[in-house]
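The values are calculated or read from the model by the stated rules, or taken from the named source; none is laboratory data. Because the structure is a prediction, the values reported are computed rather than measured. All Cβ positions, glycine included, derive from the backbone under ideal geometry; neighbour counts span all protein chains shown. All accessible areas refer to the heavy atoms of the entire protein, side chains included, with ligands and DNA or RNA removed. Shrake-Rupley method; radii C 1.70, N 1.55, O 1.52, S 1.80 Å.
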Amino acid sequence: MRLFQRIIVASLKGGIGKSTVALGAASALAVRGHRVLLVDCDAGNRCLDLMMGVEDRILYDLGDVIEGRCNSADALISHPSEENLLFCAAPNRLPDPFEADAATDALCALAEAAQADFVLCDTAGSGPLMQAIAAGFADGALIIATQQPASIRSAERTAMLMQEKGDIPCRMVISLFEENAAADGERAGLIDIIDGAHIRTIGVVPRDRTLLLAQEKGELPGKKSRAGSAFANIAARLCGEDVRLFAGMKRIRTRRVL
């Protein structure tokens with residue numbers, strides 16, 4: 001049984017890997033054979049098109065769908081190397097005035113046009129679109145945190161906002177995790193992060209240089225990389241499977257990073 005199907009990826013803090021997690025989880029779900037729609041909802045700071053290598057293929061974006069300038073199907077782009085992964089780009093700006101109902105209707109139309117089993121909405125740190133998705137579209141949230149104390153606090157605040165706006169369940173993904181620093185006591189370990197954010201954890205993505213290089217080339221995360229294994233574990237958990245946080249990542253000594 002799937003944990004969530006319409007997922008908001010969020011944190012009130014920027015620069016902690018929201019887009020990376022959104023793309024990684026979406027691609028891992030697609031590899032499992034699910035139809036997945038990934039929507040860039042970070043108006044004004046869109047980057048997923050670059051990370052996916054499809055920036056030259058964008059004709060219409062989410063703003064065009066919201067304002068009725070195109071059919072929802074026209075705004076969908078299939079990933080060149082993963083046919084089950086579809087994408088809708090973010091607009092450079094939100095419609096003014098912004099109408100939450102129009103935004104959620106657009107997302108519903110995109111999901112229907114994509115025949116999506118899962119929808120992942122990558123959002124900005126805050127703003128009306130993120131709140132509209134939480135209140136009227138998402139049935140679950142992936143809250144992103146790192147080992148930074150400010151990020152952990154922001155994760156807790158983001159989960160409270162999700163409860164306020166939509167009363168939706170949250171799971172935390174710990175990104176950019178430096179296991180050696182955690183094992184040496186230099187940075188927060190898993191228990192410290194979980195206790196600080198008070199959110200159940202669905203995945204841990206280690207800092208992985210190969211992931212950064214793939215993003216710069218517009219490629220999907222490598223399936224055999226450490227980050228790729230982490231995203232596969234997250235996808236499995238979203239599909240209702242019981243897998244270990246560090247399954248497939250042999251170099252991580254679980255007891256030392258707790």
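The rows are residues; the columns are (1) farther than 20 Å from GLN131 by Cα; (2) in contact (Cβ under 8 Å) with a residue 60 or more places away in the chain; (3) open to solvent by 20 Å² or more (accessible area, probe 1.4 Å).
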| site | (1), (2), (3) |
| --- | --- |
| GLY63 | no, no, no |
| ILE66 | no, no, yes |
| ASN71 | yes, no, yes |
| SER78 | yes, no, yes |
| ALA89 | no, no, no |
| ARG93 | no, no, yes |
| ASP96 | no, no, yes |
| ALA116 | yes, yes, yes |
**Fill in**
Reported set for segment 120-154 where residues are assigned to a strand (DSSP E or B) and either over 17 Å from SER19 (Cα atoms) or not hydroxyl-bearing (Ser, Thr, Tyr) (or both) is LEU120, CYS121, ASP122, GLY140, ALA141, LEU142, ILE143, ILE144, ALA145
**Request:** Taking ILE168 as the residue in question, decide whether it is assigned to a loop (DSSP other than H, G, I, E, B), touching a residue at least 12 places away in the same chain (Cβ under 8 Å), within 20 Å of ALA25 (Cβ to Cβ) and not small (Gly, Ala, Ser).
**Result:** yes
**Request:** Considering only segment 214-234, state which residues are closer than 11 Å to SER27 by Cβ and in a loop (DSSP other than H, G, I, E, B).
**Result:** GLU219, LEU220, PRO221, GLY222, LYS223
**Request:** Looking only at segment 161-178, decide whether some residue is open to solvent by 40 Å² or more (accessible area, probe 1.4 Å), closer than 16 Å to LYS18 by Cα, out of contact with any helix residue (DSSP H, G or I) (no Cβ under 9 Å at 6 or more places or on another chain) and at pLDDT 95 or above.
**Result:** no
**Prompt:** Going by the structure shown, is ARG157 open to solvent by 50 Å² or more (accessible area, probe 1.4 Å), part of a loop (DSSP other than H, G, I, E, B) and in contact (Cβ under 8 Å) with a residue 12 or more places away in the chain?
**Reply:** no
